[in-house]
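Below is one structure, written out as structure tokens, with a few remarks after it.
The values are calculated or read from the model by the stated rules, or taken from the named source; none is laboratory data. Computed from a predicted structure; not experimentally measured. Virtual Cβ from ideal backbone geometry, glycine too; neighbours counted across all protein chains shown.
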Amino acid sequence: MRLDDGRESDNIEDRRGGGGGFPVGGRSIGVGTIVLALVAMYFGVDPSVVMNVAGGLQAPQAQHAPAAPGVQASGDPAQDALARFTSRVLADTEDTWGALFRAAGSQYREPRLVLYTGGTQTACGTGQAAMGPFYCPGDQRVYLDLSFYRDLQTRFGAPGDFAQAYVIAHEVGHHVQNQLGIADKVQQAKQRTDERGANRLQVRMELQADCFAGLWAHHANRSRSILEQGDVEEALRAATAIGDDTLQKQARGVVVPESFTHGSAEQRVRWFRRGLEKGDFASCDTFSAKTL
């Protein structure tokens, strides 16, 4: 992936050095932690329910010490290199979505991306590394513990810089949904249906975020030639590894389609590829699609 010469984002909030983060290691594993570990199999959007169940917390507003903008030196060169890479990916999504919104006669409000270690406070509750990357609509921030990149390679079998970029682009896709009003409409629709109906809506939400990730890659590559040989395959391996069917089979040995919340491996691959190949908003309308 060609981003070495790309700019870094001004919207990085680095809490790794203690600015709002807190360690969560060294404790006995309780039921809440197990729940979070299961949720870590997914890339969630609004993890407040799980957070509150696990931690017994109700946090409508984030409470954290302000962190200096941009990547801060941590004393770990490898981690700092990953942080700078993350910052460049975020900057590229800003450039791409900003141009797309302007072309549509609108203005893109850039999200912030919070780097933390172990755990941190968010407007959706307490975020923990075991949850994986997530987007909180309450404060319009993407949260990422860089240790997830290691998990992506070792646990999910999806190494590579573009696999990491796909993760970031997926969460930014949730921010785009939030800004377009899609997230609110889905939340309202969920309240009018049962659990299975809500799951089906969430699957469409997640697949659209996958498609938006592909849409970003399409336009970023067309404008800045960011893709190298093998990059698309890295993203497709990541999408396959985090499909609900793949994860359920690994965790339980059985697949329960009615409990899917993110889509099957095949669906996630299909919608990412659709955004990558088509490159337009209309191609990412998962809510009108008769089949996913």
Original post:
Can we say Gly127 is in contact with a Phe, Trp or Tyr (Cβ under 8 Å, 6 or more places away or on another chain) and either touching a residue at least 12 places away in the same chain (Cβ under 8 Å) or assigned to a loop (DSSP other than H, G, I, E, B) (or both)?
Top reply: yes
Original post:
Of the residues that sit in segment 234-256 and are part of a helix (DSSP H, G or I) and among the small types (Gly, Ala, Ser), which one is farthest from Asp210 (Cα to Cα)?
Top reply: Ala251
**OP:** Taking the residues in segment 188-228 that are without any contact (Cβ under 8 Å) to a residue 40 or more places away in the chain and of a type in the set (S, T, N, Q) as candidates, determine which candidate is surrounded by the most Cβ atoms within 10 Å (Cβ to Cβ).
**Re:** Asn221
Original post:
Looking at segment 205-232, which of its residues are over 15 Å from the mean Cα position of the chain (by Cα), in a helix (DSSP H, G or I) and among the charged types (D, E, K, R)?
Top reply: Arg222, Arg224, Asp231
Original post:
Would it be correct to say that Val255 is within 29 Å of Ala104 (Cβ to Cβ), among the β-branched types (Val, Ile, Thr) and touching a Ser or Thr at 6+ places or on another chain (Cβ under 9 Å)?
Top reply: no
**OP:** Being over 24 Å from Leu236 (Cβ atoms) and part of a loop (DSSP other than H, G, I, E, B) is the filter here, so list the residues in segment 130-150 that pass it.
**Re:** Pro137, Gly138, Asp139, Gln140
Original post:
When segment 135-151 is examined, which residues are found to be of a type outside the set (D, E, K, R), farther than 12 Å from Arg16 by Cα and surrounded by fewer than 24 Cβ atoms within 10 Å (Cβ to Cβ)?
Top reply: Pro137, Gly138, Gln140, Phe148, Tyr149
**OP:** Quick one: count up the residues across segment 67-93 that are over 13 Å from Leu146 (Cβ atoms), touching a residue at least 60 places away in the same chain (Cβ under 8 Å) and assigned to a loop (DSSP other than H, G, I, E, B).
**Re:** 1
Original post:
With respect to the numbered conditions (1) modelled with pLDDT of 95 or more; (2) farther than 26 Å from Gly6 by Cβ; (3) out of contact with any Phe, Trp or Tyr (no Cβ under 8 Å at 6 or more places or on another chain), which one is the sole condition not fulfilled by Arg252?
Top reply: (1)
Subject >> Unique match (being at pLDDT 75 or above, of a type in the set (A, V, I, L, M, F, W, C) and at negative phi) among Ala54, Ala103 >> reply: Ala103
**OP:** Select from segment 257-277 the residues that are assigned to a loop (DSSP other than H, G, I, E, B) and of a type in the set (Ser, Thr, Tyr) and write down the one among them that is surrounded by the most Cβ atoms within 10 Å (Cβ to Cβ).
**Re:** Ser264
**OP:** List every residue pair whose Cβ atoms lie under 8 Å apart, where the two residues are 6 or more positions apart in sequence or sit on different chains, the first residue falls within segment 261-273 and is under 23 Å from Gln187 (Cβ atoms), and the second residue, located anywhere, is among the basic types (Lys, Arg) and surrounded by 20 or more Cβ atoms within 10 Å (Cβ to Cβ).
**Re:** His262/Arg268
Original post:
Pick from segment 151-168 the residues that are more than 23 Å from Arg2 (Cβ to Cβ) and in a helix (DSSP H, G or I): which of them is farthest from the chain's Cα centre (by Cα)?
Top reply: Thr154
**OP:** Kindly indicate which of Thr126, Thr122, Thr86, Thr93 is at pLDDT 95 or above, surrounded by 18 or more Cβ atoms within 10 Å (Cβ to Cβ) and more than 29 Å from Met1 (Cα to Cα).
**Re:** Thr122
Original post:
So which pairs qualify, if the first residue must be in segment 281-292 and of a type in the set (Phe, Trp, Tyr), the second must be in a loop (DSSP other than H, G, I, E, B) and surrounded by fewer than 14 Cβ atoms within 10 Å (Cβ to Cβ), the Cβ gap must be under 9 Å, and the two must be at least 6 apart or on different chains?
Top reply: Phe281/Ala104
